[in-house]
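Worksheet: the structure to be examined is printed underneath.
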Amino acid sequence: MRYINLILMLVISSTVMAQLSFKEFDMICPVDGTHVTGLVYQQPPSKEQDRDLFRIYSGADHYGKSITLCPECGYAVYTQRFESPVSEAAKLKIKQELGAITAKRLSSLKKRYKALNVKLVQDDIPGLLKFQNAEKTYEILNLDKVVRAKLALEASWYCRQLLLNPPVSAITNEYMVRMNSIVSKIVGKRTIKGPQEWLGVYRQALAKSSSRVKYCIYVVLAGLSDRIGDGRTTRRYLAAAESMAWEPQIKNLIQYHQRLLKTAQTYRGKAIKFFMDALFSKKVRENEVALLTYLTGELLRRNDEGARAKYWLKAVKQIPGAPQSIVSWAKEQYALIDGRTLPTQWDEKVVASLLEGQQNSDIVSSGLDKAKLRMKLLRAAILLFRVDTGLWPENLKSLVTLGYIKNAQEILCPITHEPYIYFKPRPAASEAEHGQEIMLSTSKLYPVLYGVRSHKILLNGDFIAE
Ligand SMILES: [Zn+2]
């Protein structure tokens, strides 16, 4: 009975949210043709950011919603690339490796929803299942290491988000907002900024609180400690909360959070490995080298690998062209570490190769060369279409359908694996006036993380990278 109430409330709350800032979508799974429905989220920008780039979004949980999972075959990717073509070999592998696991994980959920006559939508699929399947899908599709590192990093953020919005108070996710207001009243302080300051306030409130409030404060203190990446303290506060649990469900919940901490650590470990591999094999865009070096250090720090973290954070300032903001973050995070063991040989090898610098830009430019070549071919196909029909193509997909482009993969950027954005030229008095850009590639997936880097080709053949 309790469960049914919960589902109904979830349905109501998601309807309310849909009116605010969410858009419905209906897509076809490229692997098995299943209709997949879900919501696209338009969160207002968030100003508050942790040092591993996790962002705080008030109210609704945020991470995990960017992935769409097919509930039939288990295929899972970032929503923007959900309908991108998948090769026959990859389709088979996805079905084999994800089909049965996904069916098993979702079977009881599907049964319950069927009994209630409620449609299963993306929001109802457990977030960790989405990350787990996306990880496997990206491995099968053999997408680049940086994308896979970012996926693993986001999975670790997903765990932190759950720790910050504990479902202690049934299902309201305004938990933190209410806790903050209770605690700032206890302490008598109004304007409080950032996790460090909040930590101080919650610690003060602890002494003045009754036992149940104390329990909640321990949980919040654990979440705040996790935000600043202090794993030991996070575990200590969770253990304190566990010792106060007044009923088995509360104990279960704390144990769930303890497992989430371990999961986050595992995902950070994967992100570190992929970032290091990508940096070593020079498959990183030049303007991301400093940031990814910093992130590797910061994630090592969060995983209690102090000495290795120091080594990486120290390397940041030596990277040619490292932005000042990243250099100063690296310095501040370095100061938080007291580790004494030595970095591994692999750390030394990767960092040494990074600092060679020159080699790095060679490889980056070879990546750009590939993109350039592909854009030139696309431009040629567009011009050929123009000669044949007297018209400009409506979109790039139509060029594939009509055979001007042989392989559907060719309308994807080889660096970001995102479809090229194409602008149909506006009517002009003469061909010579068609100088405006016709297409550009941009990393749409991570605008929050990395800003936008794009390369464009104009109809007159000029190439622009920025
Ligand atoms: Zn499917």
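Listing for the model above:
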read-out	value
For I250: the one exception among (1) within 18 Å of the chain's Cα centre (by Cα); (2) under 28 Å from P126 (Cβ atoms); (3) outside the structural domain of K314 (by TED's automatic domain parsing)	(1)
Subset of the range 62-113 that is assigned to a helix (DSSP H, G or I) and of a type in the set (S, T, N, Q) - its residue that is farthest from the ligand (Cβ to nearest atom)	S108
Among residues of the range 103-117, those that are surrounded by 13 or more Cβ atoms within 10 Å (Cβ to Cβ) and closer than 14 Å to E72 by Cα, counted	5
Any hit, the range 286-297, residues being touching a residue at least 24 places away in the same chain (Cβ under 8 Å) and among the small types (G, A, S)	yes
Residue satisfying condition, being among the basic types (K, R) and surrounded by fewer than 16 Cβ atoms within 10 Å (Cβ to Cβ), within set K251, K282	K251
Selection from the range 107-125 of residues that are under 23 Å from the mean Cα position of the chain (by Cα) and at pLDDT 90 or above	I125
Helices (runs of 4 or more DSSP H) lying entirely in the range 167-246 (those with 2 or more residues that are modelled with pLDDT under 80 and loosely packed, with under 15 Cβ neighbours inside 10 Å)	175-187, 211-227
Exclusive hit being assigned to a loop (DSSP other than H, G, I, E, B) and at pLDDT 80 or above, set L383, L391, L378	L391
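Results for (1) free of Cβ contacts under 8 Å to residues at least 12 places away in the same chain; (2) touching a helix residue (DSSP H, G or I) at 6+ places or on another chain (Cβ under 8 Å), shown as yes or no for each residue.
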site	(1), (2)
Y63	no, yes
S66	no, yes
L69	no, yes
C73	no, yes
T79	no, no
F82	no, no
A89	yes, no
T102	no, yes
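The values are calculated or read from the model by the stated rules, or taken from the named source; none is laboratory data. What you see is a predicted model, and the numbers here were worked out from it, not measured in a lab. Here the Cβ is made from the backbone with ideal geometry for all residues, glycine too, and neighbour counts use every protein chain on show.
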